[in-house]
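Scroll down for the structure; my scribbles are underneath it.
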Amino acid sequence: MKRLLLILILTFSFQSWTKADDIRDFEIEGMSIGDSLLDYFPKSEIKKLFYSNSKKFAQTYHKSKNFKVYEKVQFHYKTNDKKFIIHELNGRIPFSSNIEECYNKEKEILSELETLFPTAKKIFQGKLKHPSDKSGKSVYTYNAFDLDNGTIGVECTDWSNKITSDKGWKDDMLIFIETKEFTRWLRDEAR
């Protein structure tokens with residue numbers, strides 16, 4: 001069962017093993033960096049949510065009963081882009097009953113990614129305090145691989161009991177793919 005879940009998660013997907021260093025070769029629920037959101041959702045369902053000081057990128061998220069692996073998928077696109085080209089996407093898998101299971105799956109996925117990207121710059125930060133919880137009791141892991149044209153990574157978030165009770169946020173795993181441009185924006189402009 002554990003191997004099956006890993007296979008499903010990794011099916012997020014490594015379509016072309018021979019060109020695995022191109023971030024556009026990876027998919028989450030059949031969608032990839034460089035695709036247009038309009039190919040998957042009507043314009044009326046694409047939200048423009050902002051969470052930072054810069055409005056260069058907007059975010060939207062979607063739940064669908066057609067998603068095979070993820071509970072929810074979130075996207076970032078340039079605010080003024082009429083084609084809604086995806087610059088970042090991530091999928092979330094709930095682990096509300098056992099955060100240790102999330103950590104174990106994260107290790108398995110990271111091992112697979114290390115095999116795919118032996119020369120990629122690894123950004124493994126371990127457990128960090130989550131900035132959305134001012135009490136400092138919620139933590140998340142951040143582990144990523146920096147490729148030539150983007151970043152792919154995995155996070156597990158362990159929300160405090162108070163955050164879960166007050167806001168209904170569930171512990172989960174996040175698998176993300178993002179362009180270099182989005183990574184720079186997030187690091188340099190968004191905060």
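A few notes on this one:
- Tally of residues being without any contact (Cβ under 8 Å) to a residue 60 or more places away in the chain, open to solvent by 60 Å² or more (accessible area, probe 1.4 Å) and under 16 Å from Leu174 (Cβ atoms) across region 69-103: 1
- Some residue of region 80-99 being at pLDDT below 95 and in a helix (DSSP H, G or I): yes
- Some residue of region 24-39 being open to solvent by less than 90 Å² (accessible area, probe 1.4 Å), modelled with pLDDT under 55 and in a helix (DSSP H, G or I): no
- Within region 133-160, the set of residues being more than 25 Å from Glu114 (Cα to Cα) and in contact (Cβ under 8 Å) with a residue 12 or more places away in the chain comprises Asp133, Ser135, Lys137, Ser138, Trp159, Ser160.
- Scanning region 118-134 for residues being open to solvent by 50 Å² or more (accessible area, probe 1.4 Å) and either hydroxyl-bearing (Ser, Thr, Tyr) or not in a strand (DSSP E or B) (or both) gives a total of 5.
- From the list Thr115, Thr141, Thr157, Thr151, the lone residue that is open to solvent by 20 Å² or more (accessible area, probe 1.4 Å) and either among the polar types (S, T, N, Q) or in a helix (DSSP H, G or I) (or both) is Thr115.
Quick grid of which residues meet (1) touching an Asp or Glu at 6+ places or on another chain (Cβ under 8 Å); (2) of a type outside the set (Val, Ile, Thr):
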site	(1), (2)
His76	yes, yes
Thr79	no, no
Lys83	no, yes
Ser96	yes, yes
Ile109	no, no
Glu112	no, yes
Thr115	no, no
Ala120	yes, yes
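The values are calculated or read from the model by the stated rules, or taken from the named source; none is laboratory data. What you see is a predicted model; the values in this text were computed from it and never measured. Quick reminder, even Gly has a Cβ in these numbers, built from the backbone with ideal geometry, and neighbours come from all protein chains shown. Just the protein is used for accessible areas: all its heavy atoms, side chains included, with ligands, DNA and RNA removed. Shrake-Rupley method; radii C 1.70, N 1.55, O 1.52, S 1.80 Å.
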